[in-house]
Structures are given as C-alpha cells and as structure tokens.
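First the structure, in the form of structure tokens, and then the observations on it.
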Amino acid sequence: MSGSTGRFATARVATAQVSLTADLHFPARVLFGRGVLDRVGPLARGWSEHALVVTDRGMPATGLVDRVTDGLRAAGVEPIVYDGVTPNPTIAQVEAGLEAGAGRGIGVIVSVGGGSAHDCAKTIALVAANGGEVRDYEGFDRSPHRALPCIAVNTTSGSGADVSRYAVITDPGRSLKMIIADAHLTPRLAVNDPLTTVGLPSAVTMATGLDALTHAIEAYVSTAASQVTDLFALRAIELAVADLPRAVRDGADLEARDGMMLAALLAGLAIDSASVGAVHALAHQLGAVYDLPHGVCNGILLPVVCEFNQPASTERYARVAAIVGGGRGGRPLRALLRALGDRVGLPRGLAELGVERSALPDLAARALDDMCMQTNPRPMRHADIVACYERAL
Ligand SMILES: [Fe+2]
C-alpha cells in the first residue's frame, strides 16, 4: 500500500517517532485516592482468612502497618507480620518471609511500603506458589503457576512495583541485583492512597520521586515504547517535575502528594510494558555493591545517561527537556535535570556516597549484563558505561 495517500499516510506521519506495535501489561486492579487504604481488609477477605503482611523494619513506627492489620482483622482476616525487609531486599529476606508464613494457611500477601517491601512480597508469593529457590526465577517468565494473590499498599511515591511484573532481589553471594520479570509477579491489587505519604521524610520523598521521574523518562525513550506507554510516561514527567519540589519542600502539601503518587503510578504503568534503560542498569550495580538507595543513584545518573543517549532519540529528549525546563528553552537536558536535583536536595555525585573511581570498570562490566540495558535507546559499550559513571562521580 502506498504511504502517500489516504488516512494511513496521515497516521504514519503522526506516529513516525514510535512504534504502533505494542505488548502491553497491566495490573488487574488499582485503587487510587485519599482514603482508599481503608478498603484493604474487605478486599483481602475475598481471597483468604489468613494474610502475610510484608513490610520493612521502620514501617511499624509510622502506624500504617497497624492500620492495615486492624483493617484486616475487622474484615475477618488474621494477619501475620514479617517486618524484616530492608532497602535492596535480599534472597535471605524472601526466604525469611516464606518461613514466617509457612504452615499458617496464608492465602493472600499484603505488602506495606515502597519498592523493597513490594518486591520482597511479590517474590515470596511467587516462590510460595511455585516452590523451588528464588534464583530459579531470575530472568523472564520462569514460573509455571500464578503467584499467591498480592495486595501492594504503597506508602511512597516512586517504585511502580505495585503495578509491575518485575522484582529486583539482591543476591549478596554474587553482589548482584537479580531481576525477576514474570507476568505472575504482578500484584492483583495496588493501593495508592496519597495520605499514606504525608509523613514521609523529605530525603525519602526526594529519592523515591526521582525514581518515578527516571521511570517515566526511560520508558519514554525506551526501544519498547509505544503509543500507549507514551501517554503514561509524558504525563508522569509533567507531574513529577511540577510536584516533586513542592512535596520535598512541604511534606504536608496534599496536592503535591496527590500529584507525586499519580506520577509514580503512571510511570509504573509505563515501565511495566516499556521497561527502563541504562540509568537503571548502572544504578542496580551501585545498589548491589554499595547498598546505596536506588532513587538517589538514579537521580545522579539520569542527567549523564540522558546526555549520552540523546543522539539516538533527539526529538524525544527535546520534548523531555521542554517539560523539565518548563518551556524555557536553551539549556541542555543534563543541566536542567541537575538543577532539578539541586532543588530537591540530591547529592551532587557518586563520590559523595563513597563510590571509588577504581571500582568503575568492574561496575561497568556488571551493568553490561543487566537486563535493563536491552531497551536503552543507544547501545553502550564498556567504555561508554565507565565514562558515564565517571561523569556522575
Ligand atoms: Fe526504579
């Protein structure tokens, strides 16, 4: 068919920048809005009378775990709490969670927290239903059976783990962040109540918010981007740029909390289908080797990786720059992102976090093998990765 006449020619011009072909993944159900936390108990009861609640050690002090467990009990669900999750959750934590729930008739898993709690809970649910070892599920779609039902209750605005089919689990024996990508991992219910984020410290708001912004930008320039994921990604970038500085400045600014939770949700939906790119591939190694916060690593690496990738996707990065720059053209995207990082209190470089120049070649070799590299818009060689790490020092 000729592309020069008729309706299809118009469509082709309009969509020239992105594929019409898409392989889209969506969660089953998402609750969003102030107060939706109260619906967790009755919905969990639809699956089981026994729930394993997975959370991190600091979370019970916020009172949010009590609210969830009280809601579960009121609905007739008996909770067992496993609160051993840390940032960069490990295989041992998944195993401890499995042990905590063993023989208790658990039929639903409820994670309360951010990406670490959700990733740990999702992996517990997958292994509980399929057996074997955590390492058996590294890679794409390795599980034969659906996981136990998971309810992911977000208390941060960043990871997107509540709506994604990915879990990242650290294997300390290999100093590696294993990526488990499996359609069975996606929580059956994601709960996004912006009121849960009101008490978040500004440093956590900053780190998680920059993770969401990185998801949105990497999904938008991903080789797996599509018309549908673009809608989510572009809106997420707009929201994060507008609302992250506000949420960091005033943690009680409810409109900013709404905006950031929506940004994180939309970015999560975008990456579930479009995946991420080199920022994540490089950041994962820093998390695995130095146990550094994921969002902070992303925030520091994002400007330099965008600069490297720009020649491969000029128009898309120009659009990102227009959003980040608020329409005031002229400044390069790297400088605009750096300025945004300064506004929200991001450390200026990796050296501040203890990363040493001598470690960069090894980190780069590890990053080359990271699954997230596969959808980066510009292929990276080992020397390119070392150079990016050096510029981010
Ligand atoms: Fe991330």
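The values are calculated or read from the model by the stated rules, or taken from the named source; none is laboratory data. No experiment lies behind these values; they were computed from the predicted model shown. Neighbour counts run over all protein chains shown; Cβ positions are idealised from the backbone, glycine included. Ligands, DNA and RNA are excluded from the accessible area calculation, which covers all protein heavy atoms including side chains. Shrake-Rupley method; radii C 1.70, N 1.55, O 1.52, S 1.80 Å.
Details
- Failed condition for Y166, given (1) open to solvent by 20 Å² or more (accessible area, probe 1.4 Å); (2) aromatic (F, W, Y); (3) away from the ligand (no atom under 16 Å from the Cβ): (3)
- Counting only strands (runs of 3 or more DSSP E) that sit completely within the stretch 1-103, zero hold 1 or more residues that are at pLDDT below 95 and surrounded by fewer than 19 Cβ atoms within 10 Å (Cβ to Cβ).
- Conditions (1) open to solvent by less than 10 Å² (accessible area, probe 1.4 Å); (2) part of a loop (DSSP other than H, G, I, E, B); (3) not acidic (D, E); number of the one not met by A252: (1)
- Residue under evaluation R135, criteria (1) free of Cβ contacts under 8 Å to residues at least 40 places away in the same chain; (2) not hydrophobic (A, V, I, L, M, F, W, C); (3) not in a loop (DSSP other than H, G, I, E, B), criterion not met: (1)
- When restricted to residues that are among the hydroxyl-bearing types (S, T, Y) and either assigned to a loop (DSSP other than H, G, I, E, B) or touching a helix residue (DSSP H, G or I) at 6+ places or on another chain (Cβ under 7 Å) (or both), the stretch 104-120 contains 1.
- Looking across the stretch 159-194, just one residue is at positive phi and either modelled with pLDDT of 95 or more or not in a loop (DSSP other than H, G, I, E, B) (or both), and that is G160.
Rundown of residues vs (1) farther than 14 Å from V241 by Cα; (2) in contact with a strand residue (DSSP E or B) (Cβ under 7 Å, 6 or more places away or on another chain); (3) open to solvent by less than 30 Å² (accessible area, probe 1.4 Å), yes/no style:
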| position | (1), (2), (3) |
| --- | --- |
| E307 | yes, no, no |
| E315 | yes, no, no |
| A321 | no, no, yes |
| G327 | no, no, no |
| L333 | no, no, yes |
| R338 | no, no, no |
| R343 | no, no, no |
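- Members of the stretch 369-383 that are surrounded by fewer than 16 Cβ atoms within 10 Å (Cβ to Cβ) and of a type outside the set (S, T, N, Q): D369, P379, R381, H382, A383
- Looking only at residues in the stretch 221-249 that are under 13 Å from G277 (Cβ atoms) and open to solvent by 20 Å² or more (accessible area, probe 1.4 Å), the one that is farthest from the ligand (Cβ to nearest atom) is T223.
- Residue match in the stretch 240-254 (condition: assigned by TED's automatic domain parsing to the domain that holds A367 and under 26 Å from A22 (Cα atoms)): yes
- Pairs with Cβ under 6 Å, 6+ apart, first in the stretch 364-392 and without any contact (Cβ under 8 Å) to a residue 12 or more places away in the chain, second hydroxyl-bearing (S, T, Y) and surrounded by 22 or more Cβ atoms within 10 Å (Cβ to Cβ): none
- Qualifying residues in the stretch 188-220 (those that are within 14 Å of the ligand (Cβ to nearest atom) and among the hydroxyl-bearing types (S, T, Y)) - the one most open to solvent (accessible area, probe 1.4 Å): T208
- For the stretch 286-293, the criterion of being part of a helix (DSSP H, G or I) and buried (at least 24 other Cβ atoms within 10 Å of the Cβ) is met by at least one residue.
- Of residues in the stretch 275-285 being part of a helix (DSSP H, G or I) and within 13 Å of the ligand (Cβ to nearest atom), the one nearest to the chain's Cα centre (by Cα): H280
- L126 vs. criteria buried (at least 18 other Cβ atoms within 10 Å of the Cβ) and outside any loop (DSSP other than H, G, I, E, B): yes
- Filter pass, V320 being within 16 Å of the ligand (Cβ to nearest atom) and under 30 Å from A183 (Cβ atoms): no
- Any hit, the stretch 256-271, residues being in contact (Cβ under 8 Å) with a residue 24 or more places away in the chain, of a type outside the set (S, T, Y), away from the ligand (no atom under 12 Å from the Cβ) and farther than 22 Å from A152 by Cα: no
- Residue check, G115 within 16 Å of the ligand (Cβ to nearest atom), of a type outside the set (S, T, N, Q) and open to solvent by 10 Å² or more (accessible area, probe 1.4 Å): yes
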